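**Student:** Here it is: the structure, laid out below.
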Amino acid sequence: MSLWKAGTVALALFALVAGLVAGAKARPDAPAVVAARVDPEHPPMTWGGPDGRRALDGVWTVDGRRRVHVPYSPNAGSLTAASYAGGVATYRTTFAVRGGRYALRFEAVNHRATVWVDGRVVARHVGDSLPFEARVTLARGRHRLTVRADWRDPDAMKATGWHRAWFNYGGIVREVTIRPVGEVELEAPAIVTRLARGGGAALVDVSVRVRGRLRGRVEGTLGGEPLAFDPVGADRVARARLRVERPDLWSPSHPALHTLHLRAGGAGWTERVGLRELRWDGGKLRINGRVVTLHGASIQEDAAGRGTALRPSDMDNLVARLRAIGANATRAQHPLSPALLERLDAAGVLVWQEIGPMEGPGKWASTTPALRRVALRRDIISVEQTRTHPSILAWNLANEASHQGAAGGQAAYIQRAARLVHALDPGRPVALDVWGRGLPADDDGPLYRDIDVFGVTMYEGWYERPGEPRGAVVANLSRRLAVAHAIFRDRVLVLTEFGAEANTLNAPGSPGSETYQARLIADQLRALRADRRLSGWLVWALQDFALTPTFGGGSAGRAMPSLRLVPGINAKGLFTYYGRAKPAAEVVRALSR
């Protein structure tokens, strides 16, 4: 048996949670850093990353009175209009170090953050779902950390390219870590796998960026096999290629993971990665040479009472619900947290991952050169942060783009972003979600020219012809898909949004009821399963989630005035906000086989 077969870390979801997240022991090269009320052996939520990290997830105070653990969103307990409008909160904690230079890392703070250490400003940041760091030199002893989060005015956020598709949860919404840093640091590792011609072997390219002056070369192992790195290049990147005979490949049906460990000049990076080749040609997606058809549902990082500030159990619930409907894929409109991606890696669930500005159908807010530069920077950060995750299938550059792109430079941005992302990650396709009501006449334009795979959104029977007779749903959806195939010809096409609202306020069988949703999705899936050219489908959405309390149901609400909605909840989920499976969940599970 090869070392790869013997050394495979083929983790089931619950083994990952139990063995790697909840109860993992400290690495021997751990830093001497202790957060208030945090066991020094307690690891961050995200297992992989720079060596020596420790979570600052002990006791914090918020506004001087609430004692909490981060991540924590102060307004997650109330889904009112006042809560959605935002607020300001100040977080404080203390931590002890042995002394030296350290990196404080915030995986996400919504929306404007200011960070102080011992009363001195060390970082400012604007954004959401993106990490940032502060580098500080600290004396031995205890230090005070203060973070001010300001998430007021979601309309202003939207106008500057920071539209959120769900509720405006503020605060420190992902984990905070600290690690010691030396003269050399390792950043942004990447891995690309190609299967050798004739089969039987894989060529694995590994790279990592080196910060600082390195005397010597980067060293490392992948699955226990040594990596021979070239000297660091002028671009500060070190590269290695490994030929693996009889590789244990990652796929949705066999999510085999291997440990990647890199080291240089006292710095280290450890991660679990999967070896798998993605290809896209002839209108088909292929993993390791085999055609894959996507089936699943989209997700939002939203848990009742905690909002975006997910705990490990909340992430486990999301993945368990995807598995319950038989999903091999999911979709996210915002960059998912690395801790959740690790669970999706282990569960074998592919991710259609949107990066950059998220917009409503046909909209575009990044209309100035400065805003477009920010958008490109967001793309770079997201790709470099998570490109080692085998679950990520494609980098999606826009939500529901239409025609040849919105005014204000959207098409030019998409074209530039596509080329940039291809350079950053040549092993994955670049995707674009297109609004079903705004399909172009053809795909020969800058918005589409550099795109590899396309998603299209079609709410037949809900936003389009709401309440139409059952017999018309299949025919109309099939006809519209045929139009999309004619436009995008031999390129990969996935239906990335469809579905309907479903709650218990509407009479059974009527639009907006759970039985109506189940029946409509069953009809929609009949059309999708009969389309042999389609590369898959993703229901919107896996689970109900919170959003602006003014949501009135869109065009479906206007067309059906008697439709009753749950205020502040998008109820298109296959599961309720509190996790109960609706009848449509069983429909999807049965038709995912």
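**Student:** Using a 1.4 angstrom probe, figure out how much accessible area the stretch 85-140 has per residue, in square angstrom, rounded to the nearest whole.
**Tutor:** Working: 2160 Å² over 56 residues.
With the other protein chains kept in place, the stretch 85-140 gives 39 Å² per residue.
**Student:** Still on this structure, please answer the following. Whole-Hz ³J(HN,Hα) for each residue in the stretch 345-358, computed from phi via Karplus 6.51 cos²θ - 1.76 cosθ + 1.60 with θ = phi - 60°, x for glycine and proline: what do you get?
**Tutor:** Listing the rounded values in order: 4, 6, 8, x, 9, 6, 10, 8, 9, 7, 10, x, x, 9 Hz.
**Student:** Another question about this same structure. Kindly write out, for the stretch 534-550 in residue order, the coupling ³J(HN,Hα) from the Karplus curve 6.51 cos²θ - 1.76 cosθ + 1.60 (θ = phi - 60°), rounded to whole Hz, with x marking Gly and Pro.
**Tutor:** Couplings: 6, 8, x, 8, 9, 5, 9, 9, 5, 9, 4, 9, 7, 8, 4, x, 8 Hz.
**Student:** Residue separation times 0.36 nm, minus the C-alpha to C-alpha distance between Ala324 and Leu505: what's the value? Could the numbers behind the result be given before it?
**Tutor:** Values: separation 181, 0.36 × 181 = 65.16 nm, distance 2.54 nm.
The Ala324-Leu505 span can extend by a further 62.6 nm.
**Student:** Out of Val383, Leu278, Gly268, whose Cα points farthest toward the positive end of the dipole of the stretch 232-388 (charges: +1 Lys, Arg; -1 Asp, Glu; placed on Cβ)?
**Tutor:** Leu278
**Student:** Taking only protein heavy atoms and a 1.4 Å probe, what accessible area per residue, in Å², does the stretch 515-593 have with all protein chains in place?
**Tutor:** Working: 3210 Å² over 79 residues.
Counting only protein heavy atoms, the per-residue value for the stretch 515-593 is 41 Å².
**Student:** Local charge sum around Arg286 (other residues, Cβ-Cβ under 9 Å, Lys/Arg +1, Asp/Glu -1)? Mind dumping the intermediate values first?
**Tutor:** Working: positive: Arg279, Lys284, Arg290; negative: Glu277, Asp281.
Within the 9 Å Cβ shell, the charges total +1.
**Student:** Would you work out the relative contact order for the chain, in percent, from Cα pairs under 8 angstrom that are 6 or more residues apart? Can you show the working numbers first?
**Tutor:** Numbers: 1472 pairs, mean separation 75.5, N = 593.
Relative contact order, the chain: 13 percent.
**Student:** Same structure again: Please give, to one decimal in nm, the separation of the simple spin-label points placed at Thr160 and Arg124, each 7 Å out from Cα toward the Cβ.
**Tutor:** 1.0
**Student:** Moving to a separate point now. Given an 8 Å cut-off on Cα distances and at least 6 residues of separation, report the relative contact order of the stretch 263-376 as a percent.
**Tutor:** Working: 111 pairs, mean separation 19.9, N = 114.
Relative contact order comes out at 17 percent.
**Student:** Further, regarding this structure: Per Stokes-Einstein, at 25 °C and 0.890 mPa s, what whole-number D in µm² s⁻¹ belongs to the chain, with the Kirkwood radius over Cα pairs as the hydrodynamic radius? Don't skip to the end; give the middle numbers.
**Tutor:** Values: Rh = 24.7 Å.
For these conditions, the coefficient is 99 µm²/s.
**Student:** Now, a different point. Mind checking the angle between helix 514-530 and the chain's longest principal axis? C-alpha axes, 0 to 90 degrees, to the nearest 10.
**Tutor:** 90
**Student:** Something else about it: Share of the chain's accessible area from carbon and sulfur, percent, 1.4 Å? Please list the in-between numbers first.
**Tutor:** Values: 11570 of 22040 Å².
The C+S portion of the solvent-accessible surface of the chain is 53 percent.
**Student:** For the stretch 287-294, in order, what is each residue's ³J(HN,Hα) by Karplus, 6.51 cos²θ - 1.76 cosθ + 1.60 with θ = phi - 60°, in whole Hz (x at glycine and Pro)?
**Tutor:** For the stretch 287-294, the Karplus curve yields 10, 6, x, 9, 5, 10, 10, 6 Hz.
**Student:** Please list, ordered by chain and number, the residues whose modelled amide H lies under 5 Å from the amide H of Val351; skip anything fewer than 5 residues away on the same chain.
**Tutor:** Long-range HN contacts for Val351: Thr330, Ile392, Leu393, Ala394.
**Student:** OK, next. Applying a 10 Å radius around every beta-carbon, put 96-105, 482-491, 390-399, 333-342 in order of their mean neighbour count, most first. Walk me through the numbers before you get to the answer.
**Tutor:** Working: 96-105: 17.2, 482-491: 15.1, 390-399: 27.2, 333-342: 24.6.
Listed from highest to lowest mean packing, they are 390-399, 333-342, 96-105, 482-491.
**Student:** Modelling each spin label as a point 7 Å along the Cα-to-Cβ direction, I'd like the Ser555/Val483 distance in nm, to one decimal.
**Tutor:** 1.0
**Student:** Take the stretch 493-593, drop everything but the C-alpha atoms, weight them equally and run the Debye formula without solvent; then report log10 I(q)/I(0) at 0.13, 0.15, 0.16, 0.23 Å⁻¹ to two decimals.
**Tutor:** Results for the stretch 493-593 at q = 0.13, 0.15, 0.16, 0.23 Å⁻¹ read -0.45, -0.59, -0.67, -1.24.
**Student:** If one takes the longest principal axis of the Cα atoms in the chain, at what angle in degrees, from 0 to 90 and to the nearest 10, does the Cα axis of helix 369-386 lie?
**Tutor:** 70
**Student:** Counting only heavy atoms of protein chains, what accessible area per residue, in Å², does the stretch 153-233 have with a probe of 1.4 Å?
**Tutor:** Details: 3260 Å² over 81 residues.
Each residue of the stretch 153-233 exposes 40 Å² on average to a 1.4 Å probe.
**Student:** Mind putting together the pair-distance distribution for the stretch 163-278? All Cα pairs, 10 Å bins, whole percent per bin, short to long.
**Tutor:** Cα pair-distance distribution for the stretch 163-278, in percent: 12, 37, 25, 19, 6, 0.
**Student:** Then there is this: Any chance you could run the full-extension gain for Arg311 through Ala581? It's 0.36 nm times the residue separation minus the Cα-Cα distance, nm to one decimal. Could you put the intermediate results ahead of the total?
**Tutor:** Working: separation 270, 0.36 × 270 = 97.20 nm, distance 2.09 nm.
Taking 0.36 nm per residue and subtracting the Cα distance, the gain is 95.1 nm.
**Student:** Which FRET efficiency, nearest 0.05, do Asp235 and Ala472 yield, Cβ-Cβ r, R0 51 Å? It would help to have the intermediate numbers written out before the result.
**Tutor:** Working: r = 56 Å, r/R0 = 1.10.
It comes to 0.35.
**Student:** Next question, about the same structure. Modelled label-to-label distance, Ala412 and Glu225, 7 Å Cα→beta-carbon offset: nm?
**Tutor:** It is 4.6 nm.
**Student:** Placing +1 at every Lys and Arg Cβ and -1 at every Asp and Glu Cβ, with all other atoms neutral, what dipole size does the chain have around its Cα centre, in debye to the nearest 20? Before the final figure, lay out the partial values.
**Tutor:** Values: 80 positive and 56 negative charges, 168 e Å.
Result for the chain is approximately 800 debye, rounded to the nearest 20.
**Student:** Let me know the Rg and Dmax you get for the stretch 273-387 when you use only its Cα atoms, in Å.
**Tutor:** Every Cα atom of the stretch 273-387 included, Rg and Dmax give 15.9, 46 Å.
**Student:** For q values of 0.12, 0.21, 0.24, 0.25 Å⁻¹, compute log₁₀ I(q)/I(0) with the Debye formula on a Cα-only model of the stretch 442-503, without solvent.
**Tutor:** -0.36, -0.86, -1.01, -1.05
**Student:** Now a separate question. With n ≥ 4 as the cut-off for DSSP H runs, can you work out [θ] at 222 nm for the chain, using -39500 (n - 2.57) per run divided by the number of residues, rounded to the nearest 500? Walk me through the intermediate numbers first.
**Tutor:** Numbers: 12 runs with 126 residues, N = 593.
Here the helix-only value at 222 nm equals -6500 deg cm²/dmol.
**Student:** Follow-up question, since we're still on this one. Treating the angle as unsigned and between 0 and 90°, give the value, to the nearest 10°, between the Cα long axis of helix 470-488 and the longest Cα principal axis of the chain.
**Tutor:** Here the helix axis deviates by roughly 60 degrees.
**Student:** Tell me, what is the percent relative contact order of the stretch 118-255, built from C-alpha pairs under 8 Å that lie six or more residues apart?
**Tutor:** Contact order relative to length: 16 percent.
**Student:** Let me ask something else about it. If you count, for each residue, the other Cβ atoms within 10 Å and average over each peptide, how do 519-527, 216-224, 119-127 line up from highest to lowest? Intermediate results must be reported in sequence, preceding the final value.
**Tutor:** Numbers: 519-527: 21.7, 216-224: 18.7, 119-127: 14.2.
Descending mean neighbour count gives 519-527, 216-224, 119-127.
**Student:** Over the stretch 269-310, what number does the Rg to Rh ratio reach, with both radii from the alpha-carbon atoms and Rh per Kirkwood?
**Tutor:** Working: Rg = 16.6 Å, Rh = 13.9 Å.
Taking Rg over the Kirkwood Rh, I get 1.19.
The values are calculated or read from the model by the stated rules, or taken from the named source; none is laboratory data. From a predicted model like this one, the values you see are computed outputs, not experimental measurements. Note that each Cβ is placed from the backbone with ideal geometry, even for glycine, and that neighbours are counted across all protein chains shown. To get the accessible areas, we keep the full protein, side chains included, count just its heavy atoms, and leave off ligands, DNA and RNA. Shrake-Rupley method; radii C 1.70, N 1.55, O 1.52, S 1.80 Å.
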